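Enquirer: Right, I'll just put the structure down here and ask away after.
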Amino acid sequence: MRGVAQTVINRVRHPSFPNTVCGVVFQGSQRAGVCQFTFSCDGSMMRIPAPAAWARARRIAQEALAGAVYAPVGLATHYHTLAVRPDWSASLQAVAVVGAHIFYRNPGFNSTVAAF
């Protein structure tokens, strides 16, 4: 969860993506098969979350929004589960594997602090 939260924050700060958390999370959710986050278009938001999982997610989100940085993923702006291999992954640099997810950053200037 921390890696995903960091990736969302990184996207918010990068000019290539929407400049709000909601903008990043819901980008593409209005078009089938283009969701950035599966939960935003698969109907799972209609289910009541497990209280403990929701509390953990909320805590991690609050920490990320308050400026906590999850260093293992660095300036990653992309990720996916290890169960898939999206076409775009070959054009990016892998930076970390955390749990069942692999995180990526852009090559070159777009992955430097100056780009954010």
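Enquirer: In Å², and per residue, what accessible area does the chain have when probed at 1.4 Å with the other protein chains present?
Expert: Values: 7210 Å² over 116 residues.
Each residue of the chain exposes 62 Å² on average to a 1.4 Å probe.
Enquirer: So, one more: Can you work out the PRE-style zone for Val69? Point 7 Å along Cα to Cβ, and I want the residues of the range 75-116 with backbone N under 17 Å.
Expert: Counting backbone N atoms under 17 Å from the label point, the list is 75-78, 95-96, 104-106, 110-116.
Enquirer: What percent do you get for the relative contact order of the chain when only Cα pairs under 8 Å and 6+ apart count? Show your work: numbers first, answer last.
Expert: Working: 143 pairs, mean separation 30.9, N = 116.
Value for the chain: 27 percent.
Enquirer: Using only the alpha-carbon atoms of the chain as identical scatterers, what base-10 log of I(q)/I(0) does the Debye formula give at q = 0.09, 0.14, 0.15, 0.19 Å⁻¹?
Expert: -0.24, -0.60, -0.70, -1.16
Enquirer: Please compute the net charge surrounding Thr7, taking Lys and Arg as +1 and Asp and Glu as -1 over other residues with Cβ under 12 Å from its Cβ. Don't skip to the end; give the middle numbers.
Expert: Numbers: positive: Arg2, Arg11, Arg13, Arg105; negative: none.
For residues surrounding Thr7, the net value is +4.
Enquirer: Taking the 0 to 90 degree range and rounding to the nearest ten, how far is the long axis of helix 2-13 tilted relative to the main principal axis of the chain, both from C-alpha atoms?
Expert: Here the helix axis deviates by roughly 60 degrees.
Enquirer: OK, next. Can you pull the one-decimal nm distance between simple spin-label points at Arg13 and Ala32, each 7 Å off the Cα toward Cβ?
Expert: 3.8
Enquirer: Show me, for the range 50-60, the HN-Hα J-couplings you get by feeding each phi into the Karplus relation (A = 6.51, B = -1.76, C = 1.60, θ = phi - 60°), rounded to Hz, glycine and proline as x.
Expert: My calculation for the range 50-60 gives 5, x, 5, 5, 5, 4, 5, 4, 5, 4, 5 Hz in order.
Enquirer: In the range 57-116, carbon and sulfur make up what percent of the accessible area (probe 1.4 Å)? Numbers along the way, then the final one.
Expert: Numbers: 2130 of 3570 Å².
Carbon with sulfur: 60 percent of the solvent-accessible area.
The values are calculated or read from the model by the stated rules, or taken from the named source; none is laboratory data. Predicted model, so just to flag it, every value in this text is computed and none were measured. Quick reminder, even Gly has a Cβ in these numbers, built from the backbone with ideal geometry, and neighbours come from all protein chains shown. Note: areas computed on protein heavy atoms with side chains; ligands, DNA, RNA excluded. Shrake-Rupley method; radii C 1.70, N 1.55, O 1.52, S 1.80 Å.
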